[in-house]
1. With (1) closer than 24 Å to L241 by Cα; (2) in contact with a Phe, Trp or Tyr (Cβ under 6 Å, 6 or more places away or on another chain) as the list, and Y110 as the residue in question, which single condition is left unmet?
2. Can you run down the residue pairs with Cβ atoms below 9 Å, 6 or more apart or on separate chains, where the first is in segment 291-318 and surrounded by 13 or more Cβ atoms within 10 Å (Cβ to Cβ) and the partner is modelled with pLDDT of 90 or more and among the polar types (S, T, N, Q)?
3. Which one of the conditions (1) modelled with pLDDT under 90; (2) aliphatic (A, V, I, L, M); (3) more than 25 Å from H214 (Cβ to Cβ) does A172 fail to meet, given that it meets all the rest?
4. Would you mind telling me which numbered condition in (1) modelled with pLDDT of 80 or more; (2) crowded, with 18+ Cβ neighbours inside 10 Å W221 fails?
5. Check G262, G209, G192, G200 and return the single one that is small (G, A, S), at pLDDT below 90 and surrounded by fewer than 14 Cβ atoms within 10 Å (Cβ to Cβ).
6. Mind listing just one residue for me: the one in segment 134-165 that is modelled with pLDDT of 85 or more and surrounded by fewer than 15 Cβ atoms within 10 Å (Cβ to Cβ) and, of those, farthest from the chain's Cα centre (by Cα)?
7. Checking the condition in a helix (DSSP H, G or I) and either within 19 Å of A115 (Cα to Cα) or at pLDDT 95 or above (or both), which residue from L25, L85, L63 passes?
8. Taking the stated definitions as given, is R111 among the charged types (D, E, K, R), under 23 Å from L252 (Cβ atoms) and loosely packed, with under 14 Cβ neighbours inside 10 Å?
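The values are calculated or read from the model by the stated rules, or taken from the named source; none is laboratory data. These numbers come from a predicted model, not from an experiment. Every residue, glycine as well, gets a Cβ built from its backbone with ideal geometry; the counts of neighbours run over all protein chains shown.
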Amino acid sequence: MQAIPALVPLICGMLSAMATRTGALSVFFLLPIGFAASVWGKKAALLSALVAFLANIVSVIMLGRAFEASFLESLVDIIYFSIMLGMFLFSMLPLQVKLKGRVLRLSGEYRLCIAALVCFIAIALSMQVLYEGGIDGFIYGQAEAFSALFQAETLNVSAIADMAKTVLLRGAMCASLMLLFYFTRVLSLWAGRLVKRLKGKELSVQKTGLVAFHIDRHVLWIFAGAVVLSIVGNVLKWQPLEIASWNLLVMLALLYLGQGYGIVMAFIASKTKRRPNGGFFPGLLFVIILMTPMLNMVFLAILALLGIAENWLPLRQQ
């Protein structure tokens with residue numbers, strides 16, 4: 001087992017806790033933990049997470065006294081950070097459980113969905129507890145701030161708030177959390193490989209990532225069930241069913257989108273004889289398309305359909 005430098009958990013944990021208080025950079029607060037996992041392994045990640053957890057508690061107490069935050073606000077802050085931290089580790093680190101002599105493994109894509117769903121519930125509950133009027137009050141306040149920022153007095157704040165609530169609760173928040181965990185993991189692995197290369201370690205070349213990503217065929221039935229339940233919930237005007245089914249639908253659609261992207265990258269790699277990820281320029285082209293209005297929606301829909309179609313068609317050369 002690789003030895004862990006004594007300062008690694010301390011530095012990574014402190015950086016993680018500090019990043020949450022840095023405004024725009026707070027989105028990267030999980031990156032130091034992922035970096036520790038990528039370079040030094042599971043034990044380093046867990047120790048770094050423990051340091052981050054303790055450092056965040058100290059930070060919350062100090063800031064709470066300085067800004068006279070209530071006990072409930074401080075408690076929710078601690079719980080939110082802890083859940084995000086725990087779910088990121090859950091999504092990133094391999095998980096296997098021994099049951100009656102059998103080893104059960106939960107694939108990374110399903111851990112990612114579970115982590116996003118748990119964090120979505122935690123964030124929704126936090127909004128409900130902290131803000132007057134609950135989730136509705138929080139979203140309405142943000143809509144008012146948006147209107148004031150752009151000095152758009154003609155905007156209907158209530159309409160904006162209703163639309164934002166519909167989008168956020170029906171998949172957008174879960175999708176954002178999935179992407180946050182996924183790209184943090186990707187950046188962590190990239191940074192880890194860079195450090196290992198600088199240290200002169202030999203890196204194995206494997207066909208990994210989205211190029212080799214396949215979803216279990218049986219998931220398509222869950223996807224179809226989510227479509228039906230979302231329609232039923234909409235017809236019956238039963239919001240809990242509609243919200244739950246939409247979140248499941250969006251998360252699975254993201255997985256199929258990733259599978260479709262893998263199909264495209266595998267095709268490019270097979271035709272250009274580049275490395276498995278397709279090279280720099282295909283990735284740059286993908287980013288440009290994503291930033292192009294209207295075209296990006298069509299492109300993403302095509303990728304998702306490709307991922308679904310692979311259940312029946314051999315779209316990837318082996």
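1. Every listed condition holds for Y110 apart from (2).
2. Filtered contacts from segment 291-318: L303/Q259; A304/Q259; L306/Q259; G307/Q259; I308/Q259; E310/Q259.
3. Of everything listed in (1) modelled with pLDDT under 90; (2) aliphatic (A, V, I, L, M); (3) more than 25 Å from H214 (Cβ to Cβ), A172 misses just condition (1).
4. (2)
5. Values: G262 fails: surrounded by fewer than 14 Cβ atoms within 10 Å (Cβ to Cβ); G209 fails: surrounded by fewer than 14 Cβ atoms within 10 Å (Cβ to Cβ); G192 fails: surrounded by fewer than 14 Cβ atoms within 10 Å (Cβ to Cβ).
None of the others qualify; the one that does is G200.
6. Applying the filter and picking the extreme gives G134.
7. Numbers: L25 fails: either within 19 Å of A115 (Cα to Cα) or at pLDDT 95 or above (or both); L63 fails: either within 19 Å of A115 (Cα to Cα) or at pLDDT 95 or above (or both).
On inspection, the qualifying residue turns out to be L85.
8. On the way: among the charged types (D, E, K, R): yes; under 23 Å from L252 (Cβ atoms): yes; loosely packed, with under 14 Cβ neighbours inside 10 Å: no.
Spelling it out, it is not the case that R111 is among the charged types (D, E, K, R), under 23 Å from L252 (Cβ atoms) and loosely packed, with under 14 Cβ neighbours inside 10 Å.
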